[in-house]
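Working notes for the structure below.
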Amino acid sequence: MVRCAFLSLAIFLSTIGFAQGQPNIILIYADDLGYGDIGVNGAIGVKTPHIDSLAITGVNFTDAHSPASTCTPSRYALLTGQYAFRRKAQILPGDAPLLIDTASVTLPKVLKEANYRTGVVGKWHLGLGNGTINWNERVSPGPAEVGFDYSFLIPSTGDRVPCVFLENQRVVGLEESDPISVSYDKPFPDIPTGVSDPHLLKQHTDSYHLGTVINGISRIGHMRGGKNAEWIDEDFPFVLTQKAKDFMAEDAENPFFLFFSLHDIHQPRVPNVKFIESSSMGVRGDVIAQLDWCVGEIVKQLRQLDIQEETLIIFTSDNGPVLDDGYVDYAKELVGEHKPGGKYQGTKYSPYEAGTRVPTIVNWPGKVKPKVSDALVGQVDMVHSLASLVGVNVSGKELDGQDQLAAWLGKSDVGREWLLEESYVMGLRWKNWKYIQPTEKQQPWWITDKAIDAGFRSEPQLYDLSKDSGERENLAEENAKMVGRLEKKLIKILEK
């Protein structure tokens, strides 16, 4: 009798423990995917059935934000819970040192404290090494030094050298007789570039991307050697998804955290033949369909492992959409009636809503009830919120993030009161008010060349999003008191 009672108590306690938060966690991070780029948010010309299914059976957020309107700052804040401007983080070159301090709190470290196996597969773009990288040996520090047990990386971005995969911080397929050299200063005289050999290109580009030609695409920077290790862009969805599936299956009996950081839909957009003409928008639409396929494969793997109900999936993007980011793929000409940012103004690089308001879905069968949530949430809160989920105390740490777990799980419709929207110009949300800080700086030429409005104004901007979702009517002049209040709060955040 005593033994049966003890066994019943043990089962009850383990059930309570699971309910409080020991699910597998998969964070699927798309790249440059806009709020309106998925079916449930109004996409036209491309279908995203797998992503839509997650949204319909989970929480689909209407007001969820990446930490910044550019890649590296968002990834930094997501994984550390700290605003990237505190590290003066901007888009990193391909040979930049590791941006994350190895002594700092990170999401994988927090989850390892709760006995999670941790892995990252896909685009990294957070720097590697200490500033001088030898790509022919283990590159350190990197993902392992910030908490990941396993890594399979695109080291920087698809448009930057080196164009090789790193598995556990070593180049995959590297031959000792053909070592890799990387330069961001000058080209190697015997290696084709977009300038010297334009006939080799299958996709033309602006002057910024005319470095070494690999797989018919010219990149930023220059690379020599490692011929057998070079990636094929068209293989990204299959290679990355298989590595993610392998990681999931390695030890499905114990909880894991997978950061599945896809390259799609970042330029260069080079869809696999399987997805060509799967949309009416050319290759940008095709790589959205390709991204959706990857999501479907992850869900299929969960079903095959019989762990779908024990797995929390978070799907989101690192920043808003951009049509022209250097490569000529006719995304502007073929977009048709589709609105990548939905009803919101702005793009990648901008402080306007579409720069950081991104598609965001949370799905956990049986634990998260289906709903559409208008809660104001931000990815900077991911560390603190998931720490709360798995029972790890991060209070007292130097984090900008908050515990917003109730909002993320759809249990509360109240999220953040204030939200920083970081870009080249700082923005701040308070309820339906949106403030953009004035600046005397000039907009960078390379953004201007792409006809992107990055919000550089010498006067303050104030918008009422409840009436003006497109941020067209600047109300700053007639609302000086509100401008003063929001500016004061923004300065307090920036000077913390």
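Listing for the model above:
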quantity: By average C-beta atoms within 10 angstrom, highest first, the peptides 349-355, 439-445; calculated: 349-355, 439-445
quantity: Span-rule helices in the chain, defined as complete DSSP H runs reaching 20 Å or more along the axis (Cα) with Kyte mean at least -0.5; calculated: 2-21, 236-250, 283-304, 480-494
quantity: Cβ crowding within 10 Å averaged over residues, with 138-145, 155-162 ranked highest first; calculated: 155-162, 138-145
quantity: Reciprocal of mean inverse Cα separation for region 351-442 (Kirkwood radius, Å); calculated: 14.7
quantity: Sequence-separation-based contact order of the chain, relative, with Cα cut under 8 Å and 6+ spacing, percent; calculated: 23
quantity: Glu167 paired with Glu459, simple spin-label distance in nm, labels 7 Å along Cα-to-beta-carbon; calculated: 5.9
quantity: Karplus-derived 3J(HN,Hα), 6.51/-1.76/1.60, for each residue of region 136-150, Hz, glycine and proline x; calculated: 9, 9, 4, 8, 8, x, x, x, 4, 6, 10, x, 8, 6, 9
quantity: Taking the C-alpha atoms of region 264-310, convex hull volume expressed per residue in Å³; calculated: 79
quantity: Volume per residue of the C-alpha convex hull in region 147-267, rounded to whole Å³; calculated: 119
quantity: Global size of region 18-79 as Cα Rg and Dmax, reported in angstrom; calculated: 13.8, 41
quantity: Most positive-pole-ward Cα, Gly221, Ser177, Leu128, against dipole of the chain from beta carbon charges; calculated: Leu128
quantity: Rg and Dmax [Cα atoms of region 264-422; Å; Rg one decimal, Dmax integer]; calculated: 17.9, 52
quantity: Kirkwood-type radius of the chain, with distances r between different C-alpha atoms, in Å; calculated: 23.2
quantity: Relative contact order for region 424-494, counting Cα pairs under 8 Å that sit 6 or more residues apart, in percent; calculated: 29
quantity: For region 181-240, convex hull of alpha carbons as volume per residue, Å³; calculated: 96
quantity: Whole-Hz ³J(HN,Hα) from phi, Karplus 6.51 cos²θ - 1.76 cosθ + 1.60, for region 397-411, glycine and proline x; calculated: 7, 7, 10, 7, x, 10, 7, 10, 4, 4, 5, 4, 8, x, 7
quantity: Span from the region 300-338 Cα centroid across to the region 144-180 one, whole angstrom; calculated: 23
quantity: Convex hull (Cα only) mean projected area of region 297-389, reported in nm² to one decimal; calculated: 8.6
quantity: Dipole magnitude (debye, nearest 20) for the chain, charges at Cβ of Lys, Arg, Asp, Glu; calculated: 1200
quantity: Region 298-383, relative contact order in percent, only Cα pairs under 8 angstrom and at least six apart counted; calculated: 36
quantity: 222 nm mean residue ellipticity, helices alone, for the chain (DSSP H n ≥ 4; -39,500 (n - 2.57); rounded to 500); calculated: -7500 deg cm²/dmol
quantity: Using θ = phi - 60° and Karplus 6.51 cos²θ - 1.76 cosθ + 1.60, couplings along region 153-162 (whole Hz; Gly, Pro as x); calculated: 10, 7, x, 10, 9, x, 9, 10, 7, x
quantity: Longest to shortest principal axis, alpha-carbon extents of region 424-494, angstrom; calculated: 35, 27, 19
quantity: Longest to shortest principal axis, alpha-carbon extents of region 47-149, angstrom; calculated: 46, 32, 27
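Since every read-out is calculated from the coordinates, none of them should be taken as a lab result. No experiment lies behind these values; they were computed from the predicted model shown. All Cβ positions, glycine included, derive from the backbone under ideal geometry; neighbour counts span all protein chains shown.
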